[in-house]
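Heads up, the thing below is written out as structure tokens.
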Amino acid sequence: MRVIESWQEMQELALGWKRDGLKIGFVPTMGALHDGHLALLREGRSLCDRLVLSIYVNPKQFGPNEDLSKYPRTKDIDFKSAEGCNVDVIFYPSDKTIYPDGYQTSVEVTDVTKGLCGEKRPGHFKGVATVVLKLFNIVGPDVATFGEKDFQQLVVIKTMVRDLNLPIKIVGVPTIREADGLATSSRNRYLSKEERQAALSISKSLNVAKELVTSGERDTKKIITAVTKAIESARLPKIDYVKICDTETLLEITKIDGPARLLIAAFLGKTRLIDNCQL
Ligand code: AMP
């Protein structure tokens, strides 16, 4: 496994692979690798000849009052985990490599970023789309894996790839969960014991919604009320949003009569967690 910090070196290596007819798989992350990331790496590994993992905590996707400075950085453990997943190259750029002096270009995907986390975290998806396009240009992947855990992000990336004619297949990977159901996240480590316990109400509320839909409920207002009640029964979580949206447009819907997604964001203390499921 090689670790590459220079974008030129990464790009040259990838161009060489392409000339040799090798298929490149790519998994962009912010590090602090957990089982969710490893699932993306395993899926990626099965789809390509050369697998690249990037680890870069992208400042442009954090708001001024968000957790950029305390975001977990676990380089040595991450490198070991990557090796265990047969990663060929870790692309590990610095801030100066990604945003050198004079940097001024950004990418904005407009409609699908209007609601949900896009509304609550202004500028977040502009930062995400910008860095992911830059990484795509450096790594030149044929296929890239993204987690359904960040469902809106997955839709944003798919939309960008479609709109900008990028020759990259985007593969969504189902959310990996802890044994008790909590969606695995780098931010779970911020939770106190009480918050960790209370956070379970979020994943449990997904099941409440699924059961309602299975028993025939189609009115999203009623489902959202039940989900809200289930989350708030744990007292500690403060709901940021509970929405049911069309799976492709991410527009809110009032009735479930096609592919629909329940999306939740809630605060446990200062920690903001998200989760979602298909309905
Ligand atoms: P991050 O490092 O948090 O920016 O995430 C990097 C990638 O890992 C993104 O595509 C996320 O959607 C994905 N990811 C994070 N958590 C999970 C999870 N629990 N299950 C599946 N994928 C995940």
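Computed from the coordinates by the stated procedures, all read-outs in this text should not be read as laboratory data. Quick caveat, the model's predicted, so the values are computed rather than measured. Here the Cβ positions follow ideal geometry from the backbone for every residue, glycine too, while neighbour counts run over all protein chains shown.
Close contacts from region 180-207, counting a first residue that is within 13 Å of residue 149 (Cα to Cα) and a second that is of a type in the set (Lys, Arg), with Cβ to Cβ under 7 Å and a gap of 6+ residues or different chains, come to 181/204; 183/149; 183/177; 184/177; 203/177.
Filter region 88-111 down to the residues that are touching an Asp or Glu at 6+ places or on another chain (Cβ under 9 Å) and either aliphatic (A, V, I, L, M) or assigned to a helix (DSSP H, G or I) (or both), then identify the one that is surrounded by the most Cβ atoms within 10 Å (Cβ to Cβ). The residue in question is 90.
Residues in region 6-32 that are more than 8 Å from the ligand (Cβ to nearest atom) and either under 13 Å from the mean Cα position of the chain (by Cα) or crowded, with 17+ Cβ neighbours inside 10 Å (or both): 7, 10, 13, 14, 17, 24, 25, 26. Among the residues of region 167-181, those identified as in a loop (DSSP other than H, G, I, E, B) and either near the ligand (Cβ under 9 Å from one of its atoms) or more than 17 Å from residue 265 (Cα to Cα) (or both) are 167, 168, 174, 175, 176, 178, 179, 180. Considering every residue within region 34-56, establish whether at least one is more than 13 Å from the ligand (Cβ to nearest atom), without any contact (Cβ under 8 Å) to a residue 12 or more places away in the chain and over 19 Å from residue 157 (Cβ atoms). Yes, there is a match, as at least one residue in region 34-56 is more than 13 Å from the ligand (Cβ to nearest atom), without any contact (Cβ under 8 Å) to a residue 12 or more places away in the chain and over 19 Å from residue 157 (Cβ atoms). Taking the criterion of being touching a residue at least 60 places away in the same chain (Cβ under 8 Å), within 16 Å of the ligand (Cβ to nearest atom), touching a helix residue (DSSP H, G or I) at 6+ places or on another chain (Cβ under 6 Å) and in a helix (DSSP H, G or I), would at least one residue in region 155-166 satisfy it? Looking for residues that are touching a residue at least 60 places away in the same chain (Cβ under 8 Å), within 16 Å of the ligand (Cβ to nearest atom), touching a helix residue (DSSP H, G or I) at 6+ places or on another chain (Cβ under 6 Å) and in a helix (DSSP H, G or I), one finds at least one in region 155-166, hence yes. Residues that are in a strand (DSSP E or B) and within 14 Å of the ligand (Cβ to nearest atom) are absent from region 71-87.
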